[in-house]
Amino acid sequence: MPTSDYDPACLPDLLPLYYRRLFPFSQYYRWLSYGGVSKNYFQNREFSFTLKDDIYVRYQSFTTQNELEKEMQKMVPYKIDIGAVYSHRPSQHNAVKSGTFQALEKELVFDIDMTDYDDVRRCCSAADICSKCWTLMTIAIRILDRALREDFGFHHLLWVYSGRRGVHCWVCDDAARKLSVAARSAVAEYLSLIKGGEETVRKVVLSDPIHPFINHSLSVVERYFCQYAIVEQDILGSKESVDKVLALLPEDILSFPVNANYSIKKGGQYFDKEIMLQYCYPRLDVNVSKGVNHLLKSPFSIHPKTGEKEYYQSNLLYTLLFKRLGAVGCLFFFFSSSRISVPIDLKELNTFDPFEVPTISLICEELERPRADEAEDDDVKDKENEQEAGERRRIRDYKRTSLAKYVKVFDRFLEAMARSRKGEMLQKSDLQKDF
């Protein structure tokens with residue numbers, strides 16, 4: 001589904017409302033403070049903001065949730081990125097002695113971007129995505145989530161839709177956050193099968209015996225391959241696409257005539273599996289995973305470049321956003337909108353639709369819709385009642401919008417981490433009692 005050019009004119013009106021009434025600051029702070037795991041943990045975390053006109057501001061840091069809220073409401077970032085926990089407050093990095101400002105910890109993160117699959121998808125290219133190629137993201141999540149949990153023993157994985165054309169994974173276990181650059185690199189390399197750049201034709205070459213991890217991955221790919229690659233991508237539907245598939249076959253197979261009896265050279269017996277993996281296996285941006293100080297887009301950040309045209313019949317929203325442009329009475333209008341980066345519920349992964357993820361314009365409109373339980377007769381309204389109504393609106397406003405179900409997914413993730421921390425504390429307490 002192609003996206004249209006993004007018009008940034010609406011965001012200055014929408015973002016203040018989003019950060020004032022909809023952004024889940026409480027859960028956000030709870031996540032990044034990790035239960036107060038250590039002194040200054042949250043305040044030593046780097047945030048970076050992309051402001052209007054692509055002004056990029058790094059090394060932002062905040063002491064408390066309240067300070068974070070106030071600054072974000074003041075700066076109104078178009079995009080938020082999260083970095084490492086440093087040895088000193090990032091906002092004071094220029095004041096510390098040279099060489100002492102060091103990145104200490106960060107979640108182990110993975111970034112899968114649809115543009116990296118352009119050589120194996122026919123439906124879309126570049127930043128465009130559709131329901132057909134989104135299957136690649138489903139496959140990636142299935143493969144990586146299993147490996148990170150079962151092969152590495154991690155438990156707290158937050159999968160997030162980027163808001164545009166890919167997914168991110170935040171591995172939040174204490175052990176994952178403390179991994180060194182070398183250890184992160186080892187995990188990323190273990191999970192990487194696609195090798196070589198644009199000039200490399202065969203990007204997957206399997207050896208005998210096949211590693212158990214690859215066999216597990218193949219079991220996932222095989223469930224989706226026929227419907228995705230043969231039917232939806234139609235990889236055998238034209239001479240050009242057939243030639244691309246044939247180019248992945250070993251030369252000793254291509255050189256034999258049809259129906260000839262021959263033996264495949266060692267390693268060549270896996271050509272069918274190599275083709276399936278090349279078309280469907282996750283394509284990781286390894287550099288994102290390796291670096292402790294690498295920034296990654298934050299959950300619940302806006303994606304200001306989504307830019308899909310949306311059609312509304314809402315005189316109220318039109319008045320709210322565009323009254324300075326005139327024609328207030330017009331009910332029908334088009335505007336570019338920005339999708340929100342939201343957590344993905346793995347229990348509903350097969351039905352997750354990126355085009356159903358709410359845009360900032362949609363949730364702001366939903367917020368302004370009158371509710372039956374808040375409706376009051378104009379004749380009995382007074383100033384006090386209006387103040388009380390305003391206070392009620394400020395309490396968990398996101399629950400009135402399409403954002404609610406995604407915040408709920410985030411809540412469940414945080415609750416699981418809290419239970420795990422509590423269990424670890426009880427276990428340590430019991431061990432201390434034994435001694």
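The values are calculated or read from the model by the stated rules, or taken from the named source; none is laboratory data. The shown structure was predicted, so the numbers you read here are calculated from the model rather than taken from an experiment. Glycine gets a Cβ as well: all are built from the backbone with ideal geometry, and neighbour counts include every protein chain shown. Just the protein is used for accessible areas: all its heavy atoms, side chains included, with ligands, DNA and RNA removed. Shrake-Rupley method; radii C 1.70, N 1.55, O 1.52, S 1.80 Å.
The table for this structure:
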read-out	value
Only one of 76, 57 that is on the phi > 0 side of the Ramachandran plot and touching a Leu at 6+ places or on another chain (Cβ under 9 Å)	76
Residue pairs meeting the criteria (Cβ under 8 Å; at least 6 apart or on separate chains; first farther than 16 Å from residue 365 by Cβ and of a type in the set (Val, Ile, Thr), in the stretch 395-410; second modelled with pLDDT of 95 or more and in a helix (DSSP H, G or I))	407/27
Residue in the stretch 274-284 that is of a type in the set (A, V, I, L, M) and either touching a strand residue (DSSP E or B) at 6+ places or on another chain (Cβ under 8 Å) or modelled with pLDDT under 95 (or both) present	yes
All positions within the stretch 140-164 that are among the basic types (Lys, Arg) and either modelled with pLDDT under 95 or open to solvent by less than 30 Å² (accessible area, probe 1.4 Å) (or both)	164
Residue count, the stretch 7-59 (criterion: open to solvent by 70 Å² or more (accessible area, probe 1.4 Å), part of a loop (DSSP other than H, G, I, E, B) and either over 26 Å from residue 413 (Cβ atoms) or at pLDDT 95 or above (or both))	1
Qualifying residue in the stretch 115-134 (condition: in contact with a strand residue (DSSP E or B) (Cβ under 7 Å, 6 or more places away or on another chain) and part of a loop (DSSP other than H, G, I, E, B))	no
Hits in the stretch 221-240 - residues which are buried (at least 16 other Cβ atoms within 10 Å of the Cβ) and part of a helix (DSSP H, G or I)	221, 224, 225, 228, 229, 232
Cross-chain or 6+ apart pairs with Cβ under 7 Å, the stretch 180-208 first and within 15 Å of residue 288 (Cα to Cα), then in a loop (DSSP other than H, G, I, E, B) and open to solvent by less than 40 Å² (accessible area, probe 1.4 Å)	181/291; 181/292
Test: residue 70 is modelled with pLDDT of 95 or more and farther than 22 Å from residue 414 by Cβ	yes
Residue among 367, 317 that is farther than 26 Å from residue 192 by Cβ and modelled with pLDDT under 85	317
First in the stretch 212-233 and within 15 Å of residue 270 (Cβ to Cβ) and in contact (Cβ under 8 Å) with a residue 60 or more places away in the chain, second anywhere and of a type outside the set (Asp, Glu) and part of a helix (DSSP H, G or I), Cβ under 7 Å, 6 or more apart	213/147; 217/143; 221/139; 221/276; 221/277; 221/280
Neighbours by Cβ (under 8 Å, 6+ apart or cross-chain): first from the stretch 113-125, touching a residue at least 12 places away in the same chain (Cβ under 8 Å) and open to solvent by 30 Å² or more (accessible area, probe 1.4 Å); second part of a loop (DSSP other than H, G, I, E, B) and among the β-branched types (Val, Ile, Thr)	122/235
Matching residues, the stretch 69-82, being of a type outside the set (Val, Ile, Thr) and either under 18 Å from residue 296 (Cα atoms) or touching a His at 6+ places or on another chain (Cβ under 9 Å) (or both)	72, 77, 78, 79, 81
For residue 193: the one exception among (1) surrounded by fewer than 23 Cβ atoms within 10 Å (Cβ to Cβ); (2) closer than 28 Å to residue 302 by Cα; (3) aliphatic (A, V, I, L, M)	(2)
Candidate set: the stretch 331-350, residues that are of a type outside the set (S, T, N, Q), at pLDDT 50 or above and under 23 Å from residue 18 (Cα atoms); chosen: the one surrounded by the most Cβ atoms within 10 Å (Cβ to Cβ)	339
Those residues of the stretch 70-92 which are among the charged types (D, E, K, R) and open to solvent by 50 Å² or more (accessible area, probe 1.4 Å), in sequence order	70, 71, 74, 79
